[in-house]
1. Could you list, ordered by first residue, the pairs with Cβ atoms under 7 Å in which the first is in region 155-166 and within 11 Å of ASP125 (Cβ to Cβ) and hydroxyl-bearing (Ser, Thr, Tyr) and the second is at pLDDT 95 or above and assigned to a loop (DSSP other than H, G, I, E, B), at least 6 apart or interchain?
2. Please determine whether any residue of region 136-156 is assigned to a helix (DSSP H, G or I) and exposed (fewer than 14 other Cβ atoms within 10 Å of the Cβ).
3. The conditions are (1) open to solvent by 40 Å² or more (accessible area, probe 1.4 Å); (2) outside any helix (DSSP H, G or I); (3) closer than 26 Å to ALA63 by Cβ; (4) of a type outside the set (A, V, I, L, M, F, W, C), and THR121 fails exactly one of them. Which is it?
4. Checking the structure you have, find out if any residue of region 173-184 is part of a strand (DSSP E or B), under 25 Å from GLU112 (Cα atoms) and acidic (Asp, Glu).
5. Within region 12-102, considering only strands (runs of 3 or more DSSP E) that don't extend past its boundaries, which have at least 3 residues that are open to solvent by less than 80 Å² (accessible area, probe 1.4 Å), over 21 Å from GLY149 (Cβ atoms) and at pLDDT 85 or above?
6. Take the conditions closer than 20 Å to LEU68 by Cα and either exposed (fewer than 13 other Cβ atoms within 10 Å of the Cβ) or polar (S, T, N, Q) (or both) and apply them to GLN191. Does it pass?
7. Taking the residues in region 207-234 that are touching a strand residue (DSSP E or B) at 6+ places or on another chain (Cβ under 8 Å) and of a type in the set (S, T, N, Q) as candidates, determine which candidate is farthest from GLY129 (Cα to Cα).
8. Restricted to region 202-228, and to residues that are small (Gly, Ala, Ser) and modelled with pLDDT under 95, which residue is most open to solvent (accessible area, probe 1.4 Å)?
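The values are calculated or read from the model by the stated rules, or taken from the named source; none is laboratory data. Model, not experiment: these values are computed from the prediction. Because the Cβ atoms are built from the backbone with ideal geometry, glycine has one as well, and the counts that use them run over all protein chains shown. Ligands, DNA and RNA are stripped out before the accessible areas are found, and what is left, the full protein with its side chains, is counted by its heavy atoms. Shrake-Rupley method; radii C 1.70, N 1.55, O 1.52, S 1.80 Å.
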Amino acid sequence: LAGVDEGTLAPLQAYTGFVTWADSPGFRVDTLSVPAEGREIVAAEPVDPALAEQVSAESLIYASGTNLGATPGLEALGLALAQSVVGDDAVGATPEGDDPEANAEQIFEEAEEQLGFNIKTDFIDQLVGPFVFALTADDLFGGEPVIDGVLASGTDDPEVVSGVVDEIGGLLEQALDADGSTRDVEGSTVQVLDLSSTGLPIVLELGVVNDQLIVGLGNGLDSFVSGPEESLAE
């Protein structure tokens, strides 16, 4: 952790409390974080409650917010991926005396030469506006669990993100040894990765539909686009 830059650690410098309890809707966990001395509260936009109308009432996990691309953890993950692409073993570390932002920008540019797209500017920075993540699970502890999930985010330039998704689909197909294909959803091309041949009964889908980046697990993408039979908002 000594090599992790100050910007990545800044959100963790806070006093955080947890409250857990059980009531009729189910098991609950509430958290509240107060910035440590000398730290400012990061401005947050109100969460769009309409997002809960597009996910199932049976959601086991639900999270929503705004500007997914501005999440420090996501940028750190993207930087780690870029470093692995360029063969840099010092993940998260900045050479002594170098500017962390300039160093990260250089690594993203070097990775772009091999990937064909810039992880930071062509993907992470494009994830703006409301985002939502939801996951449902049936027969989770039985013999044949069925898991559906979705991660959806608004995009600044849908065409740019769509091009990146096509590239990512090809890379994942090779890396995961998946059976890859495409299908049309609302006039948009969705990448389909079937992992059944690897022994995992999982189908992963990703695409830009209605100007939103949508990553679906199982039936998660279709359920989000068309709307569930019974929504979490209800």
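1. The qualifying pairs are THR155/ASP211.
2. no
3. (2)
4. no
5. So the answer is 14-23.
6. No: the conditions fail for GLN191.
7. Here the residue is ASN219.
8. Looking at residues that are small (Gly, Ala, Ser) and modelled with pLDDT under 95, I get SER226.
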